[in-house]
1. Based on what the data block shows, is Pro111 at pLDDT 95 or above, within 14 Å of the ligand (Cβ to nearest atom), surrounded by 10 or more Cβ atoms within 10 Å (Cβ to Cβ) and more than 18 Å from the chain's Cα centre (by Cα)?
2. Looking at Asn85, Asn73, can you tell me which residue is more than 24 Å from Val23 (Cα to Cα), away from the ligand (no atom under 12 Å from the Cβ) and surrounded by fewer than 17 Cβ atoms within 10 Å (Cβ to Cβ)?
3. Could you list, in sequence order, the residues of the range 115-158 that are surrounded by fewer than 14 Cβ atoms within 10 Å (Cβ to Cβ), hydroxyl-bearing (Ser, Thr, Tyr) and within 16 Å of the chain's Cα centre (by Cα)?
4. So, in the range 129-155, exactly how many residues are within 16 Å of the ligand (Cβ to nearest atom) and either outside any loop (DSSP other than H, G, I, E, B) or closer than 19 Å to Phe94 by Cα (or both)?
5. Go through (1) at pLDDT below 95; (2) over 21 Å from Asp115 (Cα atoms) and name the single condition Glu84 misses.
6. Pull out all pairs, ordered by first then second residue, where Cβ-Cβ is under 9 Å, the residues are six or more apart or on different chains, the first lies in the range 37-57 and is more than 16 Å from His22 (Cα to Cα) and touching a residue at least 40 places away in the same chain (Cβ under 8 Å), and the second is part of a helix (DSSP H, G or I) and among the charged types (D, E, K, R).
Amino acid sequence: MFATVLHHLKSPENTGMIVRMHVAFNGNELIIVGPEPWRFKKRTQAFSRRLEKICNLIYLKDDEALFEWFDVNEYTPVAVEIAENPNFLPDFVFPPRPAIIVGNEGTGLAPDFIDRCGAVVTIPQYGPVACLNVAMSCGVAIYEFMRNKPVKHEISQQKYVIDDVQSLPADQE
Ligand SMILES: C[S@@+](CC[C@H](N)C(=O)[O-])C[C@H]1O[C@@H](n2cnc3c(N)ncnc32)[C@H](O)[C@@H]1O
């Protein structure tokens, strides 16, 4: 049981990749924070595979609405960010209902936003790169939260057998 939160992301490709990861790991709500609802056009859908159509998508326009939503829905906000005093991911114990929050490609999550979250977790890096791509970061955090949960689907011909994907409605755009 987890929610994923995209905090003012800009890139269609990143948004699409996160949607696919969220669905693959059976996330609950996928929250998009931003002034306007996200428009799923071709660049996003090339990466999401139109899986947003089977997501419980929620648009929230600002942080006030977001933190109110966490309270009402009993999620613990977990900021995924490079923090000065890091809680590194391998040692991090996730709360039972985490909302996994990633920041935008330009500035990331602001310190005052992180202070409002229940926890902040940092992915360790070992090579000469200042930060990771946001979709990669989100994927690593979701994977780590889910990694000991049982796998529900059969595998056949190098794919998980999922009937629902076959019945996704055609792209309207
Ligand atoms: C590209 S980074 C943001 C920009 C970055 N703060 C900078 O100043 O260049 C986008 C997002 O990816 C995530 N991120 C990237 N590297 C991370 C890491 N090592 N640990 C945790 N989150 C990371 C965070 O959610 C961050 O807000």
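The values are calculated or read from the model by the stated rules, or taken from the named source; none is laboratory data. It should be emphasised that the depicted structure is a prediction, and the values quoted were computed from it without experimental measurement. Every residue, glycine among them, receives a Cβ derived from its backbone with ideal geometry; neighbour counts consider all protein chains shown.
1. Judged against the criteria, Pro111 is a match.
2. Just a single option satisfies the conditions, and that option is Asn85.
3. Once the filter is applied, which keeps residues that are surrounded by fewer than 14 Cβ atoms within 10 Å (Cβ to Cβ), hydroxyl-bearing (Ser, Thr, Tyr) and within 16 Å of the chain's Cα centre (by Cα), the range 115-158 yields only Tyr143.
4. 12
5. Condition not satisfied by Glu84: (2).
6. Qualifying pairs under 9 Å: none.
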